[in-house]
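Written below as structure tokens is the structure these notes are about.
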Amino acid sequence: MKRNWNWSLWAGFLFALAGFLSYTFFVQFPLTRDFPWANFLLFGIGGILLIVGLTRAFGKPKLYRGKVFGTILTILSVLVFALFSYIVFYELKQLPASAEAPRVGQKAPEFTLPDQNDKQVALADLILSPAGKPGGAVLIFYRGFW
Amino acid sequence: MRSFQQRLSDFDTRGIRVVAISVDPVETNQRHCRKMGFTYPFLSDAKAEVIRSYDLLHRGGGPKGADIARPAEFLIDSTGIIRWVNLTESIGVRARPEEVLQIFDELSGKVAP
């Protein structure tokens with residue numbers, strides 16, 4: 001007798017992959033960025049599907065396939081989840097402490113740098129308040145696009 | 001970066017300039033701004049001198065062990081005094097424009113529009 005295709009194992013693995021690959025998508029939105037709960041939700045759904053699939057494969061081996069590939073897919077999913085957690089909770093947090101960074105109430109260090117049109121721009125000019133407006137500047141230091 | 005471009009008019013109405021700073025050369029910034037449609041200044045601190053003076057240098061954080069800036073945001077008022085600092089703990093988590101606007105409005109004692 002041909003055994004049933006154990007779809008939930010594959011679906012579970014795909015959800016785990018989606019949980020990992022969707023990080024660059026969800027990180028664009030404030031709601032899903034600060035804590036990657038949307039990714040964890042996908043991993044969670046994947047986990048449940050894998051458990052369902054494995055229960056079928058090992059509980060009713062005569063009805064369902066998947067003892068071998070189900071185990072492989074589950075191990076791969078766990079590895080993907082581990083890699084995701086490592087990146088999000090460890091690697092992305094490897095930043096210098098910046099203990100000497102200027103603090104609230106201090107004068108911002110003055111600078112003059114070229115902008116994208118190679119025009120020299122000074123902080124003193126940036127913070128000038130236009131007529132009737134409070135004025136100021138937001139400095140966004142970023143890693144670069146290389 | 002994109003989110004700040006989208007809210008740029010809200011910064012304009014308050015007279016706040018949005019400024020991005022990295023070690024990227026002018027050519028990279030020019031190309032990138034054209035491609036992404038960024039209209040606010042992207043400053044090139046190729047030698048990381050300003051980044052160093054703000055103690056934001058991430059040694060070896062870039063490609064091939066290059067020194068780059070760690071992500072950080074500063075709100076500076078029109079007298080040059082720093083009013084708010086955000087030193088993120090994760091590269092993936094950056095300040096949102098809404099957050100900066102709200103803080104600015106609170107500091108200037110006005111109700112957010």
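The values are calculated or read from the model by the stated rules, or taken from the named source; none is laboratory data. Since the structure is predicted, the reported quantities are computational estimates derived from the model, not experimental observations. We place every Cβ from the backbone using ideal geometry, glycine too, and count neighbours over all the protein chains shown. Note: areas computed on protein heavy atoms with side chains; ligands, DNA, RNA excluded. Shrake-Rupley method; radii C 1.70, N 1.55, O 1.52, S 1.80 Å.
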Of the residues in segment B:58-81, those that are out of contact with any Gly (no Cβ under 6 Å at 6 or more places or on another chain) and surrounded by 20 or more Cβ atoms within 10 Å (Cβ to Cβ) come to B:H58, B:A69, B:R70, B:P71, B:A72, B:E73, B:F74, B:L75
When (1) open to solvent by 50 Å² or more (accessible area, probe 1.4 Å); (2) at the interface with chain A (Cβ under 7 Å from one of its Cβ atoms); (3) at positive phi are applied to B:G109, the one that fails is (2)
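Just to verify a result, which residue in segment B:45-92, among those that are acidic (D, E) and in contact with a strand residue (DSSP E or B) (Cβ under 6 Å, 6 or more places away or on another chain), is farthest from A:D118 (Cα to Cα)? Full working, then the answer.
We begin by selecting, within segment B:45-92, every residue acidic (D, E); these are B:45, B:49, B:55, B:67, B:73, B:77, B:89.
Retained after the next criterion (residues that are in contact with a strand residue (DSSP E or B) (Cβ under 6 Å, 6 or more places away or on another chain)): B:45, B:67, B:73, B:77.
Working: B:D45: 12, B:D67: 22, B:E73: 23, B:D77: 25 Å.
Of everything passing the filter in segment B:45-92, B:D77 is farthest from A:D118 (Cα to Cα).
Would you pick out the residues in segment A:120-139 that are part of a strand (DSSP E or B) and over 18 Å from B:L107 (Cα atoms)?
Quick first cut of segment A:120-139, residues part of a strand (DSSP E or B) only: A:120-122, A:137-139.
Correct list: A:Q120, A:V121, A:A122.
Is it the case that some residue within segment A:57-71 is in contact with a helix residue (DSSP H, G or I) (Cβ under 8 Å, 6 or more places away or on another chain) and facing chain B (nearest Cβ under 7 Å)?
no
Using the structure shown, decide if B:Y54 is among the hydroxyl-bearing types (S, T, Y) and facing chain A (nearest Cβ under 7 Å). Steps first, answer last, please.
On the way: among the hydroxyl-bearing types (S, T, Y): yes; facing chain A (nearest Cβ under 7 Å): yes.
In short, yes.
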Among B:R7, B:R31, the single one that is touching a residue at least 24 places away in the same chain (Cβ under 8 Å) and more than 7 Å from chain A (Cβ to nearest Cβ) is B:R7
